[in-house]
Amino acid sequence: MPDMTWVAAVARLRARRESGVLVTVTTVRGHAPRDAGAKLVVGQTETWGSIGGGNVEAVAIDRAREMSAVSKKEPELLDFALNDKVTNRHGVQCCGGTVSVLLEPLPVVRAVAIFGVGHVGLELARILARQDLDLHLVDSRSDLLTEDRLGVLADAVAQVHVHHTPLLPEEVLTELPPGTHVLVMTHDHAEDAALCDAALRTPHLGSIGLIGSAAKWVRFRKRLLTEGGHHEAAVDRIRTPIGMTEITGKEPATIAVSVAADLLRTFERDVP
């Protein structure tokens, strides 16, 4: 087990976009290898920390990986009796006490990429930055990605990743994590069209949303079917207009609220 604090281990799993489980000794009665509060982080192939070794730790690791395999979201509480009269899966522990262990899933957080950080894009970033997710901000205009302008995201809960792409913003698509939800809202219709085409050619993405009017989509759809050579079913993956139709305001902040709410509704429907 590498020498790493449980906090750092949780951060490493998040950075890797790897699910895991945080295991904590919650109560101890009598004698036990570790006191209440001892922690163990269980990843797919590695563990960090310890809750005392032996059967308790081995069973907790087994169950943690079972939980990760089925994407279980709810925590579990396991109780152990540490005496020689109990037959355990991984041997006998004769400390004489009882131990309760809490297993808390650490799911892979969702990822969202906003292509175009103009007025609406920045307002949307401000809202989504309050969510626990990986937020990618992509723009070909460096002046929209300055520290001063993005300073409003300084207290973000999300992990914010900024991509300046002066020539081909669509190249970022291949670098995004699997399942990333993509929102296309750049300042340039040609750039939007190129992004839509490239997104349909990038199989690991999640949902794809395009901002704009019905007339814009008619043109884009025809081009994607003809010049792009995409099948109708593929083109229909692109959702447009984005946002909740019941919210009709045109102000950037209002549009951003609408788009964010619609995206959160998509999250509820989809398994991360």
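Consider region 156-169 and keep the residues that are part of a strand (DSSP E or B) and not hydrophobic (A, V, I, L, M, F, W, C). The one that is surrounded by the most Cβ atoms within 10 Å (Cβ to Cβ) is His163.
Could you tell me whether region 51-64 includes any residue that is modelled with pLDDT under 80, surrounded by 15 or more Cβ atoms within 10 Å (Cβ to Cβ) and more than 28 Å from the chain's Cα centre (by Cα)? The answer is no, given that none of the residues of region 51-64 is modelled with pLDDT under 80, surrounded by 15 or more Cβ atoms within 10 Å (Cβ to Cβ) and more than 28 Å from the chain's Cα centre (by Cα). At least 2 residues being closer than 23 Å to Ala125 by Cβ is the threshold, and among the helices (runs of 4 or more DSSP H) wholly inside region 186-272 those reaching it are 189-200, 252-269.
Remark: pairs (first residue in region 12-29, farther than 18 Å from Leu77 by Cβ and free of Cβ contacts under 8 Å to residues at least 40 places away in the same chain; second residue among the hydrophobic types (A, V, I, L, M, F, W, C) and not in a strand (DSSP E or B); Cβ separation under 8 Å; 6+ apart in sequence or on different chains) = Arg12/Met4. Selection of region 138-155 for residues being surrounded by fewer than 18 Cβ atoms within 10 Å (Cβ to Cβ) and of a type in the set (Gly, Ala, Ser) yields Ser142, Gly151, Ala154. Screening Leu224 with (1) surrounded by 17 or more Cβ atoms within 10 Å (Cβ to Cβ); (2) of a type outside the set (Asp, Glu); (3) closer than 30 Å to Glu18 by Cβ; (4) touching a strand residue (DSSP E or B) at 6+ places or on another chain (Cβ under 9 Å) gives one miss only, at (3).
Every residue, every condition in (1) of a type in the set (D, E, K, R); (2) touching a residue at least 40 places away in the same chain (Cβ under 8 Å); (3) closer than 24 Å to Gly212 by Cα, yes or no:
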position: Leu133; (1), (2), (3): no, no, no
position: Arg141; (1), (2), (3): yes, yes, yes
position: Glu147; (1), (2), (3): yes, no, no
position: Val157; (1), (2), (3): no, no, no
position: Thr180; (1), (2), (3): no, yes, yes
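The values are calculated or read from the model by the stated rules, or taken from the named source; none is laboratory data. For clarity, every value in this text was computed on a predicted model and none was experimentally measured. Because the Cβ atoms are built from the backbone with ideal geometry, glycine has one as well, and the counts that use them run over all protein chains shown.
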